[in-house]
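Participant: Sharing a structure, written as structure tokens. Questions coming.
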Amino acid sequence: SRGSLADLVRLVLDDPATHLAFGQGANRRARPNTLLARVLLEDWLFGPDRADDATVGEAARALTGWFVIRNRLRFIDREFDLRPKTLWGQTGPWNRDDLARLATRRPETRLRLARALYRTFVAEEPDPPAEWLAPLAERLGPEGRLPDALDLIFRSRLFLSPQAIGRRVKSPVELAIGLVRALGGLIPTEPLAGDLGRLGQNLAAPPTPRGWPAGTDWITNQIWPLRRELIEALLAPDGRYKGRLDPARRLANGEPAAPRDADQLFALLAPAPGPMPPRLKEVPLPDLVRRLVRDPVHQLA
């Protein structure tokens, strides 16, 4: 993929699992798969109730001809609906690639994608401020250029402002992998997959077509103790993660892969940018790590 939204949509539609999840793996000319078309337009692109039945029907016809046979996606020419289709005022013999191109060029798609990027990387607000959304939607452009939009987010002065810092609850994956990467460790993935599943983020089975919950859904009374327990297990000197992320071991003298500088550790693990408070300067590095990640603020990004 070159990083455009249209390319991303095509990749998703190239996956046999997509077709099996929203149909029977047989999109016939006589029976277009309107469920897949509606999921594509409303759940992934425009938003709920943003595509009328006529548009969904035309989009479903553009997706005909694709079958999953022995778990592989194949295109059957005779099952593709060659008749003209009208999508957003444009008429032609549109196929799957045309649908991806036309749908992702819509202004409502760019605005919804800008809102999704803001909520994913900046703050989980239902209505992001206009000073963020308008430039993001413009930077995405008609092609939906994802790298350009992400570059705008990460280089913006607003990204490091109080408006953005600590405004998102880390998902279980973000919580665990962020700690692993900060300490430069390698941990067993099988117990991690089990722990993430208990926290509600089974990476192989999202609960809905929209993915997993977000925000405070990740820190309910039931999940909060499990999140704390995961951090303790990752940092433990033994147990299911075999002590591979134990700060005392990772930060010992002679350990080549671990950061040795307290300021660097603080920058990686602290909830907000800025210098390390003087009271933490004399704290041993392993204790500093544990103090930072046990702080409830570490659950935020």
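Participant: Let me check against my output: what whole-number percent is the relative contact order of the chain, with C-alpha pairs under 8 Å and at least 6 apart?
Facilitator: 14 percent
Participant: Taking the simple approach of a point 7 Å from Cα along Cα-to-Cβ for both R279 and L20, what is their distance in nm?
Facilitator: Simple spin-label model gives 5.5 nm for this pair.
Participant: Starting from the Cα gyration tensor of segment 40-198, take the square roots of the eigenvalues, sort them a ≥ b ≥ c, and report rounded, prolate or oblate (rounded when a/c is under 1.5, otherwise prolate if a/b is larger than b/c, else oblate).
Facilitator: In terms of gyration-tensor shape, oblate.
Participant: Residues of segment 22-131: accessible area per residue at 1.4 Å, in Å²?
Facilitator: Heavy-atom accessible area per residue stands at 54 Å².
Participant: Compare A193, A164, A30 in a GNM of the chain, Cα atoms joined below 10 Å, and give the one with the largest fluctuation.
Facilitator: A30
Participant: By average Cβ neighbour count within 10 Å, what is the ranking of 203-214, 172-183 from highest down?
Facilitator: 172-183, 203-214
Participant: Turning to a different aspect of this structure: With a ≥ b ≥ c taken as the square roots of the eigenvalues of the C-alpha gyration tensor of segment 1-82, please select rounded if a/c is under 1.5 and otherwise prolate if a/b is larger than b/c or oblate if it is not?
Facilitator: Numbers: a/c = 1.72, a/b = 1.16, b/c = 1.48.
Oblate, because a/c is 1.5 or more while a/b does not exceed b/c.
Participant: For the chain, what class follows from the C-alpha gyration tensor (a ≥ b ≥ c being the square roots of its eigenvalues): rounded when a/c is under 1.5, otherwise prolate if a/b is larger than b/c, else oblate?
Facilitator: The shape class here is prolate.
Participant: Picking from E124, E108, E229, which is most flexible by a Gaussian network model of the chain using Cα springs under 10 Å?
Facilitator: So, out of E124, E108, E229, the one fluctuating most is E229.
Participant: What percent does the relative contact order of segment 136-227 come to when contacts are Cα pairs within less than 8 Å and at least six residues apart?
Facilitator: Worked out over segment 136-227, it gives 25 percent.
Participant: Tell me, what is the FRET efficiency for D7 and R50 to the nearest 0.05, using R0 = 25 angstrom and their Cβ-Cβ distance as r?
Facilitator: Rounded to the nearest 0.05, the efficiency is 0.70.
Participant: Relative contact order of segment 1-68: what whole-number percent is it, with Cα pairs under 8 angstrom and at least 6 residues apart?
Facilitator: About 36 percent, as a whole number.
Participant: I've got another one for you. Between T220, T109, T55, find the one with the highest GNM mean-square fluctuation for the chain; connect C-alpha pairs within less than 10 Å.
Facilitator: Residue with maximal mean-square fluctuation among T220, T109, T55: T220.
Participant: What distance in nm separates the simple spin-label points at D98 and F75, each placed 7 Å from Cα in the Cβ direction?
Facilitator: 1.2 nm
The values are calculated or read from the model by the stated rules, or taken from the named source; none is laboratory data. Note that the coordinates shown come from a computational prediction; the quantities given were computed from them, not determined experimentally. Note that each Cβ is placed from the backbone with ideal geometry, even for glycine, and that neighbours are counted across all protein chains shown. Ligands, DNA and RNA are stripped out before the accessible areas are found, and what is left, the full protein with its side chains, is counted by its heavy atoms. Shrake-Rupley method; radii C 1.70, N 1.55, O 1.52, S 1.80 Å.
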